[in-house]
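Have a look at the structure below, then the notes.
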Amino acid sequence: MRSSETPGRPSPVGSVPGTSAPAGTVHLFPGQGDFAVSSLAAGLRRSDALRRTAVAVFDQVDQVATERELPELGPWLLSADPPSGRDLAAAPAGTPQLAMYGVAVLLHQALCNVRGVPRAVLGVSFGEIAAMTAAGILSISDGARIAHDLARILTACPGALTQLSCDEKTAEKLIAAADAWDVAVACVNDDRESIVSGSLAGLAAVELQAEKDGVDTARLRLPFAAHHPSFTPQAAEFARAVRSYPLGAARFPIYSAVAGRAYTSDDDLAAGLADCLIRPVRLPGVLHQIADLRPTALFEAGTGSALSRSARRVLSDQPVAILAPLVQSDFPW
C-alpha cells in the first residue's frame, strides 16, 4: 500500500499497486459554468494538430448527435462561423452538453499527444463524464450518450445557480440570513468563491443579502439547478441510465470533486456520477490530494480558465504549473 492511501480503503481505480507516485501531469475537467466557443475557435485557427484531433473526436460525438436527433456539432463548431454560447443554448436540449463533452475529450487527447498520458484526471461535476471517458471507463460514444442523458434529466431540475465571492462558511451565513430554506451550497471552488443552488426566489433573496453584506454575486447562465438534495429522484433516474452502458477498466486514477477523492474498485460509478446532481463540489480537499501525487503540471481540459484559477489559489504553495492551454495563445499544441 502506498503511504498516501488510507488503511482499509481499496486503491484508486487505474493505480499501480506497490509504486510510488511518479511525476507527471493531471488533466482537470470542468463543469458546465465556464464554456466559451471563442477560445476553441481561436485554438483551432492556431493549430492544425488541434483541429485534426477535434475532427476525429466530433466524428464520434456526432454519430450520437444524429442518433439522438440533435444537430451535428463538428461541422458547426469547427466551421469558420462557429455558434455562440447563445446559439448552443437555443438549440435542442442536450446540444450544449454534447459540445462541452466533446471539447473536453478532444483537449484531453490533444494534451496526450503533446505531453503524454496523464498521471491522473479530476472530474468536476459534469466534467466527470469526460474524465471517465479519458480514463477508458467509457467509450467516446457512450460518454456522449450519458452527457445527453444528463442534459435530458437536467430539464427536470428547476432553479438556478449563483456564484458568490466568498468562502463556504460565509455562503451558509448568507443563506441563513436570507431565510432561503431551499438554497444550498453547491460548489466550493476555493476560499474566495462558492456557488449556491436553489429556487429563483431563494437565490434572489440570497443575492440581495449578499449585496447588503458587500459580497459580489453572478447568476450562472444555466437554465437549471444542480448539486441540490431535492433532486434525489432525478439522481436515481440518471444512475439507472448510466448503468445501461458497459464500463471498461481505468487506465489511470479518476478523482472526483464531489466524492472528494479518487474512485476505487469498490465504488458504484453510476451512483458517483448521479451524486453530482445532489451533492456539493468541494475542490480544495481533492486538489490537495492531487498535489500529493507530485505532478509537474495541471492542465484544464476546457475552454475557460475558472477551474485552473481556483486550483492556483488552492495550491499557491505547491511547486506545480497550473495551465489553461486553450486560453493561452502560445501553448504548443
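The values are calculated or read from the model by the stated rules, or taken from the named source; none is laboratory data. Quick caveat, the model's predicted, so the values are computed rather than measured. Cβ: placed from backbone, ideal geometry, glycine included. Neighbour counts: every protein chain shown.
Here is the figure for segment 144-200: residues that are touching a Cys at 6+ places or on another chain (Cβ under 8 Å) and either over 28 Å from residue 240 (Cβ atoms) or surrounded by fewer than 22 Cβ atoms within 10 Å (Cβ to Cβ) (or both) total 4.
Taken together, the residues in segment 171-211 that are within 21 Å of residue 307 (Cβ to Cβ) and either of a type in the set (S, T, N, Q) or without any contact (Cβ under 8 Å) to a residue 40 or more places away in the chain (or both) amount to 5. Scanning segment 134-162 for residues that are in a helix (DSSP H, G or I) and in contact with a strand residue (DSSP E or B) (Cβ under 7 Å, 6 or more places away or on another chain) gives a single hit, 134. Got at least one residue in segment 310-332 being at pLDDT 95 or above and in contact with a Gly (Cβ under 6 Å, 6 or more places away or on another chain)? Among the residues of segment 310-332, at least one is at pLDDT 95 or above and in contact with a Gly (Cβ under 6 Å, 6 or more places away or on another chain), which makes the answer yes.
Please go through segment 90-119 and pick out each residue that is surrounded by fewer than 23 Cβ atoms within 10 Å (Cβ to Cβ) and under 12 Å from residue 74 (Cα atoms). The one that is surrounded by fewer than 23 Cβ atoms within 10 Å (Cβ to Cβ) and under 12 Å from residue 74 (Cα atoms): 95.
Each row is one residue, and each column tells you yes or no for (1) touching a helix residue (DSSP H, G or I) at 6+ places or on another chain (Cβ under 8 Å); (2) touching a residue at least 60 places away in the same chain (Cβ under 8 Å).
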{"site": "45", "(1), (2)": "no, no"}
{"site": "48", "(1), (2)": "no, no"}
{"site": "52", "(1), (2)": "no, no"}
{"site": "58", "(1), (2)": "yes, no"}
{"site": "61", "(1), (2)": "yes, yes"}
{"site": "64", "(1), (2)": "yes, yes"}
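Filter the strands (runs of 3 or more DSSP E) completely within segment 163-244 down to those with at least 3 residues that are under 27 Å from residue 85 (Cα atoms) and under 18 Å from the mean Cα position of the chain (by Cα).
Values: elements: 184-190, 193-198, 217-219.
It comes to 184-190, 193-198.
Of the residues making up segment 293-304, those that are under 19 Å from the mean Cα position of the chain (by Cα) and surrounded by fewer than 22 Cβ atoms within 10 Å (Cβ to Cβ) number 2. Evaluation of residue 191 against the conditions (1) closer than 14 Å to residue 231 by Cα; (2) in contact with a Pro (Cβ under 8 Å, 6 or more places away or on another chain) shows that the sole unmet condition is (1). Here residue 240 meets the list (1) over 30 Å from residue 116 (Cβ atoms); (2) in the same structural domain as residue 137 (by TED's automatic domain parsing); (3) surrounded by 15 or more Cβ atoms within 10 Å (Cβ to Cβ) almost entirely, failing just condition (3).
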